Structure formats: C-alpha cells, structure tokens
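As structure tokens, the structure follows; a few thoughts come after it.
A short reminder: the numbers here are calculations on the coordinates, not readings from a lab. Small disclaimer: the values here were computed from a predicted structure and weren't measured. Cβ: placed from backbone, ideal geometry, glycine included. Neighbour counts: every protein chain shown.
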Amino acid sequence: MKMLIMGAPGSGKGTQSEILVEKLGIPTISTGAMLRAAIAEGTEVGKEASKYINDGKLVPDSVMIDLVLDRVAKDDCRDGYILDGFPRTLAQAEAMTEANIDIDCALMIDVADEDIIARIGGRRVCSKCGATYHTKFKPSSKGDDCEQCGGKLEIRADDAPETVVSRLETYHNMTAPVIDYYDKMGKLVAVKAVEGVEETTELVLKALGK
Ligand code: AMP
C-alpha cells in the first residue's frame with residue numbers, strides 16, 4: 001500500500017498518518033519532520049530548508065524530490081508507506097510518476113481555512129522525537145512533556161500566525177493542482193475532518209475501506 005496524505009497545514013494529516021502507521025503496519029514518511037530533523041542536525045539540506053520553512057514557503061522541488069526518492073528506496077518501505085506532506089507541487093507528483101512509483105491512494109483531509117488558524121494555535125511538537133500533540137484535540141498525558149520520550153513539547157517556529165497565512169496561501173496555490181492530478185487518476189479519497197481525532201480516523205478508515 002503506497003498512500004499519500006494531503007491537506008492544509010494543521011489539517012491533522014500528521015496525526016492521522018501516525019495513527020494509520022499502527023493500523024496499516026507500514027511506515028509514515030513526513031517530509032516536514034525530515035526537514036525539521038535536518039535543521040536540528042545542521043546538515044546541508046537543513047541549512048537550505050531553513051531559508052524557506054520559516055517564511056512559510058516551500059523548499060525547492062530539486063531538494064525535496066531527491067530526499068523522498070532516497071527515503072522510499074530504503075528497506076523499511078518494501079511493503080509500502082504513507083507519505084505525509086509530499087508531493088506538494090505538480091512537479092513533485094510528476095517526479096514520482098516518472099520514477100514509476102504507483103500510488104494506490106491519495107487521501108485528502110479537508111478543513112476550512114477559518115478552522116485551520118484555531119487548530120494550529122494549539123499544536124505542539126516534541127523537541128526530541130517530533131511526535132505531534134494538540135492542546136485541545138490531542139493533549140499529552142504528561143502535560144508539557146512528550147508521552148513517548150519525555151522530551152519538552154514546543155510550538156513549531158513556522159506556526160506563528162503570520163507564517164500560517166503565508167503557508168495557507170502556498171497550499172492553495174501550489175497544492176491544488178496536485179489534488180486535481182490524483183483526482184484525474186481516480187486515486188483521490190477526500191474526507192472532511194471533524195473535531196475529534198478518533199472520529200476523524202473512523203471516517204478515514206471507512207473511506208479507505210478498512
Ligand atoms: P509540514 O510539517 O508538512 O507542515 O511541513 C513544514 C514545512 O516544510 C512546509 O511549510 C514547507 O516549508 C516544508 N516542506 C515539507 N514538505 C515539503 C514538500 N513536499 N515540498 C516543499 N516543502 C516542503
């Protein structure tokens with residue numbers, strides 16, 4: 001099963017893909033998490049990516065395509081994977097098709113723009129392992145610490161309100177053609193997000209026929 005999860009920033013796609021990993025038994029590859037790890041490690045990719053991420057802009061296609069094609073060639077992706085946050089441009093989607101990567105399903109989590117701002121305000125991420133939480137929808141049972149590794153939870157640098165507006169604009173301009181691309185291929189499965197994480201997961205599993 002090779003699956004994509006698409007949706008605006010803050011739509012809950014990261015949270016849903018973390019849950020689907022358990023349900024489907026395949027790894028999730030979050031390009032945003034990979035880039036944040038690269039920035040924290042100070043790698044060349046991280047240095048390049050930080051120029052764009054903090055302004056709410058997309059990292060260039062050339063960087064992203066190499067990063068993802070290398071990652072999906074790894075052993076743990078043999079039986080499939082969930083791509084969270086890739087492809088985000090038509091060029092990225094076309095690069096996957098050209099690399100003969102046949103996607104089974106492109107899941108799109110739909111949230112209205114006005115709800116996105118409120119959702120992002122409550123988002124927290126573990127500074128150590130990158131696990132995601134939400135003060136209202138998915139609070140950590142350990143308060144300000146990560147349930148999984150005990151790391152401190154923090155607000156993502158690119159979740160500042162002015163950056164979110166720019167990320168939403170980028171999403172609508174650059175990612176809408178990607179949604180169309182998979183729709184025309186007959187691969188698009190759209191789910192309207194509801195308030196609760198578990199309720200949204202139920203809708204997602206139903207839409208996937210699981
Ligand atoms: P995310 O965690 O998916 O919201 O991604 C955080 C940021 O990483 C985005 O706002 C982009 O700047 C960058 N990013 C993640 N995935 C991609 C991608 N496929 N193409 C370009 N930039 C990306």
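Expressed in whole Å with the largest first, what are the equivalent ellipsoid semi-axes of the chain derived from the C-alpha gyration tensor as the square root of 5 times each eigenvalue? Kindly include the intermediate steps, with their values, before the conclusion.
On the way: eigenvalues 109, 85, 65 Å².
Semi-axis lengths for the chain are 23, 21, 18 Å.
Extent of the stretch 141-210 along each principal axis, from alpha carbon coordinates, in Å, largest to smallest?
43, 34, 21
How large is log10 I(q)/I(0) at q = 0.25 Å⁻¹ when the Debye formula is applied to the Cα atoms of the stretch 97-141, each weighted equally and without solvent?
Cα-only, vacuum Debye calculation for the stretch 97-141: -0.90.
Mind checking which of Gly186, Ile117, Ala160 is farthest towards the positive end of the stretch 112-198's charge dipole, using Cβ charges of +1 (Lys, Arg) and -1 (Asp, Glu) about the Cα centre?
So the residue we want is Gly186.
Starting from the amide H of Ala190, placed 1.01 Å from N in the peptide plane, find each other amide H under 5 Å away whose residue is 5 or more places distant or on another chain.
Sorted by chain and number, the residues that satisfy this are Met108.
Using θ = phi - 60° and the Karplus curve 6.51 cos²θ - 1.76 cosθ + 1.60, what whole-Hz ³J(HN,Hα) does each residue of the stretch 37-51 get, with Gly and Pro shown as x?
These are the phi-based 3J(HN,Hα) values: 5, 5, 5, 4, 7, x, 6, 4, 4, x, 5, 5, 5, 5, 5 Hz.
How high is the FRET efficiency from Thr43 to Glu202, r the C-beta distance, R0 35 Å, rounded to 0.05?
0.35
Principal axis lengths of the stretch 1-111 from Cα atoms, whole Å, largest first?
Cα extents, longest axis first: 34, 31, 26 Å.
Mind listing the phi-derived Karplus ³J(HN,Hα) values for the stretch 91-100, rounded to whole Hz, using 6.51, -1.76 and 1.60 with θ = phi - 60°, and x for any glycine or proline?
Along the stretch 91-100, the couplings run 4, 5, 5, 5, 4, 5, 4, 5, 7, 6 Hz.
Write down the Å³ per residue value for the convex hull defined by the alpha carbon atoms of the stretch 102-189.
Working: hull volume 11.3 nm³, N = 88.
So the per-residue hull volume is 128 Å³.
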